[in-house]
Amino acid sequence: MKILIAEDEPLILQTIELKLKKEGYEVIACVDGLDALQKIDSEKPDLIITDIMMPYMSGLEVIRKVKQDIHSKNIPVIVLSTMGQENIVEEAFELGADDYLKKPFSLSELSIRIKKIARQSKLQ
Amino acid sequence: MNGTLLYFQSTFKTSFEEYITPELLLNGVLLFTSITLSLVLFTYIYLGLKKKKFLVKDRIRKNLELWISHVILEEDDEEVIRIPSKFIKIFRNPLARQYAIDNLIINKKAFSGMVASNIRNLYQHLGFRKDSLRKLKSRTWYVQAKGIQELSMMDQNDQLIRVYRLTNSKNELVRTEAQTAIIQWAGFNGLRFLDVVSYAISEWQQVQLLVQLKNFTPQDMPKLERWLSSKNSTVIIFALKLVEVYQQFGIRRKVEECLLHQKEPVRRQAINTLLKIGDETSAEILIRAYNDEDYANKISILRALAVFANETHFPFLVAELSNSDDHIKLEAARALGAIGGVGVLDQKAAVQPEPYALIAKHIKAELLL
């Protein structure tokens, strides 16, 4: 399974990347929304994990563009939010996000959510 | 024309020679040249040092980031953290230590569970706690504030008493960091700093503390009444917000007393709090306070009455319909509409169509929504 992570904090990005690689996933790491959008187009990931606040293009904008594109609209999206971003998370769901995790989150929780989404995708 | 030119030339020559001797001119040139050279040299050294600092930081980043990520992902928390020898040398550099602490904090904010626990262990194992404690003792306010923040983020709860003493620091940043740390460590029990704080708690800090408290299971706040009588008006305002958010109906009387407080922001917050916890008896008290209030508080009272007034309060609201201020007229009409007084509005409109017919129509439309 190919997972794209968009997170502007390099160390957080690296930690998630390492964890997912350890679990056997193929990981595409992106440092901002624009980078993510370009790689979604070229790499065709099976799942997108995106932070909300990112430079150049926010996570919300990434979801909007992904869900508008006929080639990527079926890619499931997990949103990473922080405290006080409840309204933005709501907006993310309206745009088509599938799940969310509030920072600080446990990496095992993230793994569970990924497995759940992978199972649902297989069923579909 | 030529005469004028000659006159100026001779005058200038005379005054130049009179005031500026060749020695003075030479000294001036030397001084100017040395200042220019010093500036160039200073800029060169400054930029060189800045570049060196950047390169050191970059080398530290490249070396440390991956190692930190590997260590904090370790699933066996019993395993002893082994520090590679090259890092022991790197960590002698204060810049590298601070870089590592900052990165651990960034990760601690993002992760919970095993990773968070590993970050804490690594912070202690690398002796960074000592760095933070040193900062806590610093006399420089921003260093002290940074120390508090690091200890708080790394759950060094044993420092609670030392940090508690700083919750009333004269420096605002130190004070707010200390208050935030105390709540982070002790949840609702940490609110005891409200007993001692004599400096103002800013609006922003109040919001931050309320957001922080959301992470904890609500507990009894036996000192709420005491905080509502504090000499510090911002403590009263914050306590009123606590009453409102945690629905402390038991101390409604004390909240009502705040309506008589000499400071306007306290009275305004008391009105807003009563809006959430008040009942019909509060409506009477608000109406009594109404005439002495300023414009903004009058509007707030009318909005509160829309929630818990009843038909016995119709006369007061009808009287306010005749207020010269249009906004007050509208809020009074809104309150009447909300408590079933649309008929009263219609009667008023029948007697005096201008402007009440329009107001009644507007309120009815709002009620339909």
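Looking at B:Ala116, is it touching a Pro at 6+ places or on another chain (Cβ under 9 Å), among the hydrophobic types (A, V, I, L, M, F, W, C) and either part of a helix (DSSP H, G or I) or open to solvent by 40 Å² or more (accessible area, probe 1.4 Å) (or both)? Yes.
Applying the criterion of being among the polar types (S, T, N, Q) and within 12 Å of A:Pro104 (Cβ to Cβ) to the residues of the range B:107-122, the residue that is farthest from the other protein chains (Cβ to nearest Cβ) is B:Ser117. Among residues belonging to the range A:3-26 that are of a type in the set (Val, Ile, Thr) and away from chain B (no Cβ under 11 Å), point out the one that is farthest from A:Leu60 (Cα to Cα). Step by step, filter the range A:3-26, then rank; the result is A:Ile3.
Among the numbered conditions (1) aromatic (Phe, Trp, Tyr); (2) open to solvent by 80 Å² or more (accessible area, probe 1.4 Å); (3) within 24 Å of A:Met83 (Cα to Cα), the only one that B:Phe111 does not meet is (2). Answer with yes or no whether A:Ile70 is free of Cβ contacts under 8 Å to residues at least 60 places away in the same chain, touching a strand residue (DSSP E or B) at 6+ places or on another chain (Cβ under 7 Å), farther than 19 Å from A:Val31 by Cα and surrounded by fewer than 20 Cβ atoms within 10 Å (Cβ to Cβ). Against the criterion (free of Cβ contacts under 8 Å to residues at least 60 places away in the same chain, touching a strand residue (DSSP E or B) at 6+ places or on another chain (Cβ under 7 Å), farther than 19 Å from A:Val31 by Cα and surrounded by fewer than 20 Cβ atoms within 10 Å (Cβ to Cβ)), A:Ile70 does not qualify. Among the candidates A:Leu107, A:Leu60, A:Leu95, the residue that is open to solvent by less than 50 Å² (accessible area, probe 1.4 Å) and within 14 Å of another protein chain (Cβ to nearest Cβ) is uniquely A:Leu107. Scan the range A:73-92 for residues that are away from chain B (no Cβ under 14 Å), farther than 15 Å from A:Ile49 by Cβ and surrounded by 14 or more Cβ atoms within 10 Å (Cβ to Cβ) and the total you get is 2. Could you tell me whether the range B:175-198 includes any residue that is part of a loop (DSSP other than H, G, I, E, B) and closer than 19 Å to B:Ile101 by Cβ? So far as the range B:175-198 goes, no, none of its residues is part of a loop (DSSP other than H, G, I, E, B) and closer than 19 Å to B:Ile101 by Cβ. The condition of being over 21 Å from B:Ala110 (Cα atoms), modelled with pLDDT of 90 or more, away from chain B (no Cβ under 14 Å) and surrounded by fewer than 16 Cβ atoms within 10 Å (Cβ to Cβ) does not hold for A:Gln120. When the residues of the range B:95-106 are filtered to those that are without any contact (Cβ under 8 Å) to a residue 40 or more places away in the chain and at the interface with chain A (Cβ under 10 Å from one of its Cβ atoms), which remaining residue is farthest from the chain's Cα centre (by Cα)? The selected residue is B:Asn103.
For the structure I just gave you, tell me whether A:Ile112 is farther than 16 Å from A:Lys2 by Cβ, outside any helix (DSSP H, G or I) and open to solvent by 30 Å² or more (accessible area, probe 1.4 Å). Spelling it out, it is not the case that A:Ile112 is farther than 16 Å from A:Lys2 by Cβ, outside any helix (DSSP H, G or I) and open to solvent by 30 Å² or more (accessible area, probe 1.4 Å). The condition of being within 39 Å of the chain's Cα centre (by Cα) and surrounded by 14 or more Cβ atoms within 10 Å (Cβ to Cβ) holds for only one of B:Leu330, B:Leu321, that being B:Leu330. Can you tell me which residue within the range B:333-358, out of those that are open to solvent by less than 30 Å² (accessible area, probe 1.4 Å), modelled with pLDDT under 90 and assigned to a helix (DSSP H, G or I), is nearest to B:Thr281 (Cα to Cα)? The residue in question is B:Leu345. The selection criterion, being crowded, with 18+ Cβ neighbours inside 10 Å and within 22 Å of B:Lys348 (Cβ to Cβ), does not hold for B:Ile285. The combined condition, being within 14 Å of chain B (Cβ to nearest Cβ), more than 16 Å from A:Ala92 (Cβ to Cβ) and at pLDDT 90 or above, is not fulfilled by A:Leu34. Note on the range B:60-96: residues that are charged (D, E, K, R), at pLDDT 75 or above and open to solvent by 50 Å² or more (accessible area, probe 1.4 Å) total 7.
Among the residues in the range B:24-38, are any open to solvent by less than 100 Å² (accessible area, probe 1.4 Å), in a helix (DSSP H, G or I) and closer than 30 Å to B:Ala96 by Cβ? Taking every residue of the range B:24-38 in turn, none turns out to be open to solvent by less than 100 Å² (accessible area, probe 1.4 Å), in a helix (DSSP H, G or I) and closer than 30 Å to B:Ala96 by Cβ. Scanning the range B:252-265 for residues that are farther than 14 Å from B:Thr281 by Cα and touching a residue at least 24 places away in the same chain (Cβ under 8 Å) yields B:Cys258, B:Leu260, B:His261, B:Lys263, B:Glu264, B:Pro265.
The values are calculated or read from the model by the stated rules, or taken from the named source; none is laboratory data. Only a predicted model underlies this, so the values are computations on that prediction, with no experimental measurement involved. Neighbour counts are summed over all protein chains in view; Cβ atoms, including those assigned to glycine, are modelled from backbone coordinates with ideal geometry. SASA here: full protein model, heavy atoms, side chains in, ligands and nucleic acids out. Shrake-Rupley method; radii C 1.70, N 1.55, O 1.52, S 1.80 Å.
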